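Engineer: Below: one structure in structure tokens.
Throughout, read-outs are computed from the coordinates displayed, never taken from laboratory work. Since the model is a prediction, treat every value here as computed from it, not as a measurement. Note that each Cβ is placed from the backbone with ideal geometry, even for glycine, and that neighbours are counted across all protein chains shown.
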Amino acid sequence: MRIFTLAAIAACFTVSYASAQVSIGFRGGYVNSNLSIKQTGTSVLRPGTRSTDNWGIGMIVNVPIGNNFYLQPILNYEVKGAELTSIDKQPINAYTTAATSLKLKYLTLPLNFVYKIPLGKARLAIGGGPYAGYCLKARYDLSVYNEGRLVQNASQEVAFGSSPTIANTSIQLKRWDAGVNALATIELNSYVTIGANYSYGIMDIDRSNDLSVKNRSFGISLGVLLNREDW
């Protein structure tokens, strides 16, 4: 039922747009994501991670609250995750399997407080705030190696209700995420927007007692406003 809460909030955005002097827009672009994985128990060893290239799209609402300050909720669909690296040595003359790439498909809702600075024919919007996210779906690559050489690769769906959720690891992912978000956006008078943001996950998205897993992501986006709330 919680997923419908986010959908209801999106509906509220539309109602606010129709009934108040606000602006609405859309954006999309590049997301560079990673996972911070720390070992909290002694029974397992944590996998290593590398950042991975992903993407996201979103709907932006600008609600004026006075003196160039705005409330800016953004409803995003974005892909996060990381490349996973095994710390185990490959045995000689043996086949081993390892999870190598994790893709987490999130519906996220940052609630940003921003200040807009006039810059000639544009405005610079800077700010930040908390975000909440729900993982709609996730997949990972399960690779087979022989003495360090890739033999076979298959894509598997993350089983959130199982333990572990990712084969050949101790990771037990859960769907909900929360953290903080910071952004800077140039709003041109042509209604085009160019922005960058950084999301720092605070919630541990692993439900085991052995690992702490948190999202990290940086994004660059290009968007368009359908109107300007100050015109």
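Engineer: In whole Å, how far is the Cα centre of segment 174-231 from that of segment 40-84?
Structural biologist: If we compute the Cα centre of each part, the gap is 5 Å.
Engineer: Count the net charge of all other residues whose Cβ sits under 9 Å from the Cβ of THR193, scoring Lys and Arg as +1 and Asp and Glu as -1.
Structural biologist: 0
Engineer: So what is the relative contact order for segment 106-231, in percent, with contacts set as C-alpha pairs under 8 Å and at least six apart?
Structural biologist: 21 percent
Engineer: If the reach is capped at under 29 angstrom between alpha carbons, list the lysines near LYS38, excluding any in the same chain fewer than eight residues apart.
Structural biologist: LYS80, LYS89, LYS103, LYS105, LYS137, LYS174, LYS214
Engineer: Quick one: TYR145, TYR30, fewest Cβ neighbours within 10 Å first, how do they rank?
Structural biologist: Fewest-to-most Cβ neighbours within 10 Å comes out as TYR30, TYR145.
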